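Asks: One structure is given below, represented as structure tokens, and several questions about it will come after.
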Amino acid sequence: MIQEQMTLPLGATLQDDHGGHYCVEQLLGRGESSAVYLVSERRNKHWMFALKEVINPRTQDRKRLLFEYELLKRLTHPALPRVYYAFEQAELKRVYLLMEYIKGKDLDVLRNEQPGKRFPLQSALTLLEPIVDALMYLHQQEPPVLHRDIKPANIIVPPHGRSAALVDFRMAKEYQAESTTTVFRRGTPGYAAIEQFGNESDTDVRTDVYGLGAT
């Protein structure tokens, strides 16, 4: 786990390569070597963003974050987050991805708030409709884009107005039928398809369909 002193303190300010200054307002989440912050633009406190951070990134970590940035930058869909900049703070040994902040609870939290910890069928279908549409959009790209970590915790449901959004593209890849790579990352047990625990080249659009069905 990230030690408390390794995360940025509230009020810390970071500057990107385009002259933007961002103030840390809240720690939204953290992992073994990463964190996500709610930040505001210093010139306008009403401009809120999500800032993803990778601490002491290895070469592969840096490539993965830059791939996520380049991937999301060219995708446009109402159920996908927008990204703005990727930048590095060499003195802090951290890399960052500045992206749209989607306010709301994830589907896993909402499910646990339901009677019997499950949604009525019609509610589930309504919530997942924009996610299905987003997956169809991803799979229709050339080459198809695979998310590979579809699960309730990666679906954010805003409190009103905007429909659900699919987040966290750390495990995404562009599907190449002729690929023979053996480098892979396993998905989440209970939601990952069986092929994700073998050779990465075995994953295709059906991997996401399995995750959606498990969700």
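Laboratory data are not the source of any read-out in this text; all were calculated from the coordinates shown. Keep in mind it's a predicted model, so treat the numbers as computed, not measured. Note that each Cβ is placed from the backbone with ideal geometry, even for glycine, and that neighbours are counted across all protein chains shown.
Asks: Among the listed pairs K52/K105; K73/K93; K45/K151; K117/K173; K73/K117; K52/K117, which have their C-alpha atoms separated by more than 28 angstrom in this model?
Replies: From K52/K105; K73/K93; K45/K151; K117/K173; K73/K117; K52/K117, over 28 Å: K45/K151; K117/K173; K73/K117; K52/K117.
Asks: Also, I was wondering about something else. Taking the Cα centroid of the stretch 32-86 and of the stretch 113-143, what is the distance between the two, rounded to the nearest whole Å?
Replies: 23 Å
Asks: Also, quick follow-up: Within the chain, what's the longest run with no GluC sites (Glu not before Pro) in a DSSP loop and at most 10 other beta-carbon atoms within 10 Å? Give the range, please.
Replies: The longest such stretch corresponds to 33-112.
Asks: Still on this structure: Where does the chain land at 222 nm, in deg cm²/dmol rounded to the nearest 500, when only DSSP H runs of n ≥ 4 count, each adding -39500 (n - 2.57), divided by all residues?
Replies: Mean residue ellipticity at 222 nm (helix-derived): -7500 deg cm²/dmol.
Asks: Tell me which of L28, L72, F87 sits at the most positive position along the dipole axis of the stretch 4-100, charges placed on C-beta atoms (Lys, Arg +1; Asp, Glu -1).
Replies: Looking along the dipole axis, the top candidate is L72.
Asks: Right, something else. Taking square-rooted eigenvalues a ≥ b ≥ c of the alpha carbon gyration tensor, is the chain rounded, prolate or oblate, where a/c under 1.5 means rounded and, failing that, a/b exceeding b/c means prolate?
Replies: oblate
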